[in-house]
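The values are calculated or read from the model by the stated rules, or taken from the named source; none is laboratory data. From a predicted model like this one, the values you see are computed outputs, not experimental measurements. So basically every Cβ, Gly included, is an ideal-geometry build from the backbone, and we count neighbours across all protein chains shown.
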Amino acid sequence: MPRLSNAFVAGILSCLLVPATALSQSPNWSAKLPDGTGKEAVEGTCLSCHPANRITRSSGYTPAHWKELMGTMVDLSANKAVQGKITRYLAAHFPPSRKRAPRLIKGDAQISFKEWVAPTLGQRSRDPIQAKNGSIWWAGQWGNLVGRINPATGEMKEYPLPDKAMPHSVTLDRAGNVWYTGNKNGTVSKLDPKTGKITEYKMPDPRARDPHTAIFDKNGTLWFTLQHSNMIGRLNPATGAIKLVTPKTPKSKPYGIKIDADGVPW
């Protein structure tokens, strides 16, 4: 049984959450949990953040793995009774199965993983990017923070962000500043790692609600998507000026963005 954790896997932090849009489109969004001792504890603890289908559609795990997985999202060590109820319920009703089992291929393969657990549990750490000095930055969306790890030492530092920023992604400029998209407060912001100072750039259009993914072009201009606002934006870091455009295709909902060799965003 593979080890499970909400940790960096090969230098990438992950968790079992998926984007809200994907969850809302799932046919099992309103899946119901089976009756049994511990069900109420699961509903009160696990379902306060996750829909039930995150559990019902899982591969199922042993008691030890369920406990380990929970520990990456919420610390129940101070309440052993609740922790035990949840662990026993999940292990009894969702034991290891062949659901979503990997399909093995022929031949030898050697893969190594190194994992780090982020200081703030349940933060939905995502979209890591490597700096020139080898450090890794990530967006801790649900923790409303940006984090950094030194892979050589394992040392981590988290930077709390302004209220309701809920960063979706991070990118770096030439000077080493960290830029993140405020997915919930309608901002694109710059974090100076040396001072911790954060400079926010608010969207000029109230309809531009959710900056999503950002990237710099070769001239240092920041381009970014706004998925549910159905927009693409451009920010001039020198002046703070922001320009927004709407794609011709309705509901195209741009997600990722890349710059080609000619400097054209796709």
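What are the residues in the stretch 113-124 that are more than 22 Å from K194 (Cα to Cα) and either touching a strand residue (DSSP E or B) at 6+ places or on another chain (Cβ under 8 Å) or among the basic types (K, R) (or both), if any? Hits for the stretch 113-124 are F113, K114, E115, W116, V117, Q123, R124. Got at least one residue in the stretch 110-118 being assigned to a helix (DSSP H, G or I) and either assigned by TED's automatic domain parsing to the domain that holds E155 or surrounded by 14 or more Cβ atoms within 10 Å (Cβ to Cβ) (or both)? No, the stretch 110-118 contains no residue that is assigned to a helix (DSSP H, G or I) and either assigned by TED's automatic domain parsing to the domain that holds E155 or surrounded by 14 or more Cβ atoms within 10 Å (Cβ to Cβ) (or both).
Here is the figure for the stretch 235-266: residues that are under 20 Å from K184 (Cα atoms) and touching a Pro at 6+ places or on another chain (Cβ under 8 Å) total 4.
Among the strands (runs of 3 or more DSSP E) confined to the stretch 142-200, the ones with at least 3 residues that are assigned by TED's automatic domain parsing to the domain that holds N236 and in contact (Cβ under 8 Å) with a residue 40 or more places away in the chain are located at 145-149, 167-172, 178-182, 187-191.
Filtering the stretch 211-266 to residues that are at positive phi and in contact with a helix residue (DSSP H, G or I) (Cβ under 9 Å, 6 or more places away or on another chain) leaves only K253. Given the condition charged (D, E, K, R), in contact with a Phe, Trp or Tyr (Cβ under 7 Å, 6 or more places away or on another chain), buried (at least 17 other Cβ atoms within 10 Å of the Cβ) and more than 17 Å from T225 (Cα to Cα), answer yes or no: does some residue in the stretch 148-160 qualify? There is at least one residue in the stretch 148-160 that is charged (D, E, K, R), in contact with a Phe, Trp or Tyr (Cβ under 7 Å, 6 or more places away or on another chain), buried (at least 17 other Cβ atoms within 10 Å of the Cβ) and more than 17 Å from T225 (Cα to Cα). In this structure, does G107 turn out to be in contact with a Phe, Trp or Tyr (Cβ under 6 Å, 6 or more places away or on another chain) and not assigned by TED's automatic domain parsing to the domain that holds Y180? Taking the combined requirement at face value, the residue does not satisfy it. Taking the conditions (1) over 30 Å from T225 (Cα atoms); (2) of a type in the set (G, A, S); (3) loosely packed, with under 12 Cβ neighbours inside 10 Å in turn, A92 satisfies each one other than (3).
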